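What follows is a single structure, written as structure tokens, with notes after it.
Nothing in this text is a laboratory measurement; each read-out follows from the coordinates by a stated rule. Because the structure is a prediction, the values reported are computed rather than measured. Here Cβ is always computed from backbone atoms with ideal geometry, including for glycine, and neighbour counts include all displayed protein chains.
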Amino acid sequence: MQLLDGKFASEKIKLEIAAEAAEFTAQTGRKPHLLAILVGNDGGSETYVASKMKNCEKVGFESSLVRYDTDVTEEELIQKIREINADAGVDGMIVQLPLPKHIDPEKITDAIDYRKDVDGFHPVNLGRMMRNQPCFIPATPYGILLMLQAYGIDTTGKHCVVVGRSNIVGSPMSILMARNANPGNCTVTLTHSKTTNLKEMVLQGDIVIAAIGRKNFVTADMVKPGAIIIDVGINRETSETTKSGYKLYGDVDFENVAPLASWITPVPGGVGLMTIVGLLKNTLASAKKEIY
Ligand code: GUN
């Protein structure tokens, strides 16, 4: 078994991003700028946004955080998004999900100018991804592609089984792994909570991408020996023995699956770190007008 080490891969790519950002700043007199909107104070969202902001500083980007209380209205948020759309000093904008129940996340996503949609959630970016055209690819799927690339893994012709069909990870991942590209060129099976014979399906995977959001869901009896295992899960469980007060678990039973795998991502220290790299790369591409 070999580890797909998110720390190693992300640090390497961040050095490249920092060099490109410095060049951009030297040429334009400004830094690439990512702005995040955070509503409420969900523990997970707080951590993710803080990490996104910190990583911006690390690679020489400007970062801004706009915060709202949980009772913000949909109209107020959309008004703010329109303001940022019109601000030439902002290259990328993200609205951290999940949002409170009274706010429709699709309305919010649709309000973001697709040219600043560095999360890649806007219908224009999703449509262009389907067509294999230049676009912002959602950050976590993009990070997974970058991880496979960093380790020189050829995915062509392999059977990729994706577990979970979320709009953020599973669905876009299934499209990207089937595209005429490398990483890509896979035969893809997209499985989810209503799939019958899930175990038999996952057993067929040369590559398994677990993104279902359930602790240790993929067990050793579901994995073909030699498979490549990508674990997207970030399941928090409160713990009295850790400083942070919680412990992270992946969607894969790492201890028992790792000995079977050819390659596997750990949690933490795997895909999570790559997600941020995907977001930074999209923001830099937006600043440099490489896509739109
Ligand atoms: N919540 C969980 N993942 C994501 C993400 O990639 N982007 C945003 N905006 N919110 C999230």
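Given +1 on the Cβ of Lys and Arg, -1 on the Cβ of Asp and Glu, and no further charges, what dipole in debye does the chain carry about its Cα centre, rounded to the nearest 20?
My answer is approximately 480 debye.
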Restricting attention to the chain, give the cysteines that have no other cysteine Cβ less than 4.7 angstrom from their Cβ. C56, C135
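In nm, what is the difference between 0.36 nm times the number of residues separating N85 and R30 and their Cα-Cα distance?
Extra length from N85 to R30 when fully extended: 18.0 nm.
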By average C-beta atoms within 10 angstrom, highest first, the peptides 18-30, 103-115: 103-115, 18-30
Please identify, among M93, M53, M274, the residue showing maximal mean-square fluctuation in a Gaussian network model of the chain using a 10 angstrom Cα cutoff. M53
First check a/c for segment 28-113, with a ≥ b ≥ c the square roots of the eigenvalues of its C-alpha gyration tensor; if it is under 1.5, answer rounded, and if not, answer prolate when a/b is larger than b/c or oblate otherwise. oblate
Debye, to nearest 20: dipole size of segment 28-113, +1 on Lys, Arg Cβ, -1 on Asp, Glu Cβ: 460 debye
Radius 13 Å from Cβ of G127, net charge of other residues (Lys, Arg +1; Asp, Glu -1): 0
With n ≥ 4 as the cut-off for DSSP H runs, can you work out [θ] at 222 nm for the chain, using -39500 (n - 2.57) per run divided by the number of residues, rounded to the nearest 500? -12000 deg cm²/dmol
Multiply the residue gap between I153 and K107 by 0.36 nm, knock off their C-alpha separation, and tell me the result in nm, one decimal place. 12.8 nm
Compute the acute angle (0 to 90°) between the alpha-carbon long axis of helix 43-58 and the principal axis of greatest extent of the alpha-carbon atoms of the chain; round to the nearest 10°. 70 degrees
Please state the relative contact order of segment 35-185 as a whole percent: Cα pairs under 8 Å, 6+ residues apart? 17 percent
Do you know the relative contact order of segment 139-273, to the nearest whole percent, from alpha carbon pairs under 8 angstrom that are 6+ apart? 21 percent
Taking the Cα centre of segment 10-160 as the origin and placing charges on Cβ (Lys, Arg +1; Asp, Glu -1), which of I153, L65, L34 is farthest toward the positive end of the dipole? I153
Determine the gain in length on full extension of the stretch V124-E16; use 0.36 nm per residue of separation and subtract their C-alpha separation, reporting nm with one decimal. 36.1 nm
If you take the charge dipole of segment 157-271 about its Cα centre, with +1 on Lys and Arg Cβ and -1 on Asp and Glu Cβ, which of V223, N182, V208 is farthest toward its positive end? N182
If unit charges are put on Cβ atoms (+1 for Lys and Arg, -1 for Asp and Glu) and the dipole of segment 227-292 is taken about its Cα centre, the option from N235, V257, A287 lying farthest towards the positive end turns out to be A287
Over the chain, with a Gaussian network built from C-alpha contacts below 10 Å, which listed residue (P98, P266, P183) shows the highest mean-square fluctuation? P98
For segment 232-292, with only Lys/Arg (+1) and Asp/Glu (-1) charged at the beta-carbon, what is the dipole magnitude about the Cα centre, in debye rounded to 20? 440 debye
